[in-house]
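Visitor: Attaching a single structure in structure tokens format; questions to follow.
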Amino acid sequence: MAILVGASRSPAPGAEAIAAGEDRRPNVVVLMTDDQTVADLDVMPHVRRLLAAAGVTFDRSYVSYPLCCPSRATYLSGQHAHNHHVLGLYPPTGGYGRFDARGSLPVWLERAGYHTAHIGKYMNGYGSETPADPPPGWREWYGAVGYSTYRMWGYTLNENGANRSYGSPLDQDPALYQTDVLARRAVDVIARRAAAKDPLFLSVAFLAPHHEGPSIRRFGGHLVRPAPRHAGRLAAKALSLPPAFNEVDVSDKPSYIRRRPPLDAAQIDRITRNYHDRQESLLAVDEAVAEIVGALRRAGALDDTYVVFTSDNGYLQGEHRVPSGKLLPHDPSSRVPLIVAGRGCPGRPGRGNSSGTSTWPPPSWSWPGPRRDGCSTGGRCCPSRATPRSAPGGYIDAPRSVGAEQHLPS
């Protein structure tokens, strides 16, 4: 994923205005879901109306390593996995402990004068394999801790260095539903900081539609629990059946697909139930997007803010005979939503890079931001191309990640 950045060693674009107290750099709000497919946008009318209709939707946005932790490490570092060395979810090859947070996006942005804040999921292993301390660069930190991250109730947030737990796993208090709590925290940050002198970088990472922990799934019979107000809302929705679903002829596929038998009726029934759970969990995220955009509007900051909506990776749900999972390079797993809304973003579809990268802003856009010297992306560091004169600057073309992982989909 491309990170806003000045391209040269010369003073950053707009530096004179910043020095004069006229910092016109935009706020940036990144909203990231977990394991969301492009097709899941079908149940998110607020995202479509408030972001997609007002911005640019990248219809070919791919991650090159469709797995939570490596993908998020690339978002935070601008590097391929073979450079940031987070190659999986758990030690010794992966997890938060493998990530060098000292050279990462919030550090660069804070150094450039941004007020940085993170809310929600961070990286696998934060607070379990490593202490739950705020990582470098974040001025405000509300990170989900350890395995509690994967509970819609009974989770713990590290709030600027102090752990705070919200409810208990089996007590489904509507007021403590994780997505809603993260949304309220984001609205609070925006109300305090969006119109402040320093520009704001806000990262909000939702759990939905990722599954909850195994004990929760066994107890409740759901892959992931929706907000109580949305329970059963999509129970009658037909399962999406793309051409690759339960593929009949897999002779042209790799051996790990060819050896899979066709899905049986019980598997398809389970896929359907999980499909409903996942999409119902996204209804609260959709409402959160509306609340966050509304907070920016009330603060008078919407026109000075880029809002980015994306996911760390996609998810397989019966395509190519794979009942569930990610990691594999096929479209449902590697293709992700990517929408950018903000000034200069026309309300139209865009053409994302189809070579295994997710790049925002595209080469034709830019905004002033921090420099990153001596980067090693595994791709390229380059100045902006065909950049409008009204928006000088540059970008880093930073593919999410490449590498190998020991875990295959079920």
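The values are calculated or read from the model by the stated rules, or taken from the named source; none is laboratory data. The structure displayed is predicted, hence computed values, not measured ones. Cβ atoms come from the backbone with ideal geometry, glycine included; neighbour counts cover every protein chain shown.
Per-residue answers, yes or no, for (1) within 20 Å of Ala231 (Cβ to Cβ); (2) charged (D, E, K, R):
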| residue | (1), (2) |
| --- | --- |
| Ile271 | yes, no |
| Arg278 | yes, yes |
| Leu296 | no, no |
| Ala299 | no, no |
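Visitor: Please go through segment 168-183 and give me each residue that is surrounded by 15 or more Cβ atoms within 10 Å (Cβ to Cβ) and in a helix (DSSP H, G or I), ordered by number.
Guide: Applying the first criterion (surrounded by 15 or more Cβ atoms within 10 Å (Cβ to Cβ)) to segment 168-183 yields 169, 172, 176-183.
Matches in segment 168-183: Leu176, Gln178, Thr179, Asp180, Val181, Leu182, Ala183.
Visitor: Turning to a different aspect of this structure: I'd like to know if segment 201-211 contains one or more residues that are at pLDDT below 95, in contact with a strand residue (DSSP E or B) (Cβ under 9 Å, 6 or more places away or on another chain) and assigned to a loop (DSSP other than H, G, I, E, B). I'd like the intermediate steps shown before the answer.
Guide: Here is the first cut: in segment 201-211, the residues at pLDDT below 95 are none.
Checked against the condition, which is being at pLDDT below 95, in contact with a strand residue (DSSP E or B) (Cβ under 9 Å, 6 or more places away or on another chain) and assigned to a loop (DSSP other than H, G, I, E, B), segment 201-211 yields no hits at all.
Visitor: Could you grab me the full set of residues in segment 212-251 that are closer than 17 Å to Thr149 by Cα and either of a type in the set (S, T, N, Q) or in a loop (DSSP other than H, G, I, E, B) (or both)?
Guide: Glu212, Gly213, Ser215, His222, Leu223, Val224, Arg225, Pro226, Ala227 - these are the residues of segment 212-251 that are closer than 17 Å to Thr149 by Cα and either of a type in the set (S, T, N, Q) or in a loop (DSSP other than H, G, I, E, B) (or both).
Visitor: Moving on to the next point. So is Asp188 under 21 Å from the mean Cα position of the chain (by Cα), within 14 Å of Arg225 (Cβ to Cβ) and part of a helix (DSSP H, G or I) or not? Step through it out loud before you land on a result.
Guide: Values: under 21 Å from the mean Cα position of the chain (by Cα): yes; within 14 Å of Arg225 (Cβ to Cβ): no; part of a helix (DSSP H, G or I): yes.
Considered against the rule, which asks whether it is under 21 Å from the mean Cα position of the chain (by Cα), within 14 Å of Arg225 (Cβ to Cβ) and part of a helix (DSSP H, G or I), Asp188 comes out as no.
Visitor: Any residue in segment 154-169 that is of a type in the set (D, E, K, R) sitting within a Cβ distance under 7 Å of a residue that is not in a loop (DSSP other than H, G, I, E, B)? List the pairs, counting only those 6 or more apart or interchain.
Guide: Once the first residue is of a type in the set (D, E, K, R) and sits in segment 154-169, its partners that are not in a loop (DSSP other than H, G, I, E, B) give Glu159/Tyr142; Arg164/Thr156; Arg164/Leu157.
Visitor: Suppose the filter is at negative phi, in contact with a Leu (Cβ under 8 Å, 6 or more places away or on another chain) and surrounded by 24 or more Cβ atoms within 10 Å (Cβ to Cβ); does Val86 pass it? Outline the logic, then answer.
Guide: On the way: at negative phi: yes; in contact with a Leu (Cβ under 8 Å, 6 or more places away or on another chain): no; surrounded by 24 or more Cβ atoms within 10 Å (Cβ to Cβ): yes.
Criteria not met by Val86.
Visitor: If you don't mind, another one. Output the residue which, of all residues in segment 101-123 that are aliphatic (A, V, I, L, M) and more than 26 Å from Gln178 (Cα to Cα), is surrounded by the most Cβ atoms within 10 Å (Cβ to Cβ). Break it down stepwise before answering.
Guide: Of the residues in segment 101-123, the ones aliphatic (A, V, I, L, M) are 101, 105, 107, 109, 112, 117, 119, 123.
Narrowing the set further to residues that are more than 26 Å from Gln178 (Cα to Cα) leaves 107, 109, 112.
Details: Val107: 19, Leu109: 25, Ala112: 23.
Here the answer is Leu109.
Visitor: Suppose we filter Pro214, Pro243 for residues that are without any contact (Cβ under 8 Å) to a residue 12 or more places away in the chain and under 17 Å from Pro332 (Cβ atoms); which single one remains?
Guide: On the way: Pro214 fails: under 17 Å from Pro332 (Cβ atoms).
Exactly one of Pro214, Pro243 is without any contact (Cβ under 8 Å) to a residue 12 or more places away in the chain and under 17 Å from Pro332 (Cβ atoms), namely Pro243.
Visitor: Just checking, which of Val224, Val248 is under 26 Å from the mean Cα position of the chain (by Cα), closer than 23 Å to Pro332 by Cα and of a type in the set (A, V, I, L, M, F, W, C)?
Guide: Details: Val248 fails: under 26 Å from the mean Cα position of the chain (by Cα).
Result of the check over Val224, Val248: Val224.
Yes or no, residue by residue, for (1) farther than 18 Å from Asn313 by Cβ; (2) outside any helix (DSSP H, G or I):
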| site | (1), (2) |
| --- | --- |
| Val30 | no, yes |
| His46 | yes, no |
| Arg60 | no, yes |
| Ser64 | no, yes |
| Ser71 | no, no |
| Tyr75 | no, no |
| Val86 | no, yes |
| Tyr90 | no, yes |
| Trp108 | yes, no |
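Visitor: Here's a follow-up. Yes or no: Pro136 in contact with a strand residue (DSSP E or B) (Cβ under 8 Å, 6 or more places away or on another chain) and in contact (Cβ under 8 Å) with a residue 12 or more places away in the chain? Spell out the reasoning first.
Guide: Values: in contact with a strand residue (DSSP E or B) (Cβ under 8 Å, 6 or more places away or on another chain): no; in contact (Cβ under 8 Å) with a residue 12 or more places away in the chain: yes.
When the stated conditions are applied, Pro136 does not pass them.
Visitor: Test Val285 against the stated conditions and say whether it is touching a residue at least 12 places away in the same chain (Cβ under 8 Å) and crowded, with 22+ Cβ neighbours inside 10 Å. Walk me through how you get there before you give the answer.
Guide: Details: touching a residue at least 12 places away in the same chain (Cβ under 8 Å): yes; crowded, with 22+ Cβ neighbours inside 10 Å: yes.
Spelling it out, Val285 is indeed touching a residue at least 12 places away in the same chain (Cβ under 8 Å) and crowded, with 22+ Cβ neighbours inside 10 Å.
Visitor: Taking the conditions exactly as written (over 23 Å from Met44 (Cβ atoms), in a helix (DSSP H, G or I), in contact (Cβ under 8 Å) with a residue 12 or more places away in the chain and of a type in the set (Ser, Thr, Tyr)), does Tyr256 satisfy them or not?
Guide: Details: over 23 Å from Met44 (Cβ atoms): yes; in a helix (DSSP H, G or I): yes; in contact (Cβ under 8 Å) with a residue 12 or more places away in the chain: yes; of a type in the set (Ser, Thr, Tyr): yes.
It is true that Tyr256 is over 23 Å from Met44 (Cβ atoms), in a helix (DSSP H, G or I), in contact (Cβ under 8 Å) with a residue 12 or more places away in the chain and of a type in the set (Ser, Thr, Tyr).
Visitor: Residues of segment 229-268 being among the acidic types (Asp, Glu) and surrounded by 12 or more Cβ atoms within 10 Å (Cβ to Cβ), which ones? Step through it out loud before you land on a result.
Guide: So the first thing to find is which residues in segment 229-268 are among the acidic types (Asp, Glu), and the list is 247, 249, 252, 264.
Listed by number, the list holds a single entry, Glu247.
Visitor: Can Tyr126 be described as more than 15 Å from the chain's Cα centre (by Cα), surrounded by 24 or more Cβ atoms within 10 Å (Cβ to Cβ) and of a type in the set (Ser, Thr, Tyr)?
Guide: yes
Visitor: Turning to a different aspect of this structure: Of everything in segment 51-75, what is of a type in the set (A, V, I, L, M) and either surrounded by fewer than 24 Cβ atoms within 10 Å (Cβ to Cβ) or under 22 Å from Leu328 (Cα atoms) (or both)? Give them in sequence order. Before the answer, list the steps.
Guide: Of all residues in segment 51-75, those of a type in the set (A, V, I, L, M) come to 51-54, 56, 63, 67, 73.
Matches in segment 51-75: Ala52, Ala53, Ala54, Val63, Leu67, Ala73.
Visitor: Now a separate question. Here is a list: Gly120, Gly88, Gly125, Gly97. Which entry is out of contact with any Lys or Arg (no Cβ under 7 Å at 6 or more places or on another chain) and free of Cβ contacts under 8 Å to residues at least 40 places away in the same chain?
Guide: Working: Gly120 fails: free of Cβ contacts under 8 Å to residues at least 40 places away in the same chain; Gly88 fails: free of Cβ contacts under 8 Å to residues at least 40 places away in the same chain; Gly125 fails: free of Cβ contacts under 8 Å to residues at least 40 places away in the same chain.
Only one candidate qualifies: Gly97.
Visitor: Could you tell me whether segment 289-310 includes any residue that is modelled with pLDDT of 95 or more, farther than 21 Å from Ala52 by Cα and surrounded by 22 or more Cβ atoms within 10 Å (Cβ to Cβ)?
Guide: no
Visitor: Follow-up question, since we're still on this one. Output yes when any residue across segment 246-262 is among the acidic types (Asp, Glu) and under 10 Å from Arg321 (Cα atoms), and no when none is. So that I can check it myself, show each step before the final result.
Guide: Let us first name the residues in segment 246-262 that are among the acidic types (Asp, Glu), namely 247, 249, 252.
Subset that is under 10 Å from Arg321 (Cα atoms): 247.
Yes; the residues of segment 246-262 include at least one that is among the acidic types (Asp, Glu) and under 10 Å from Arg321 (Cα atoms).
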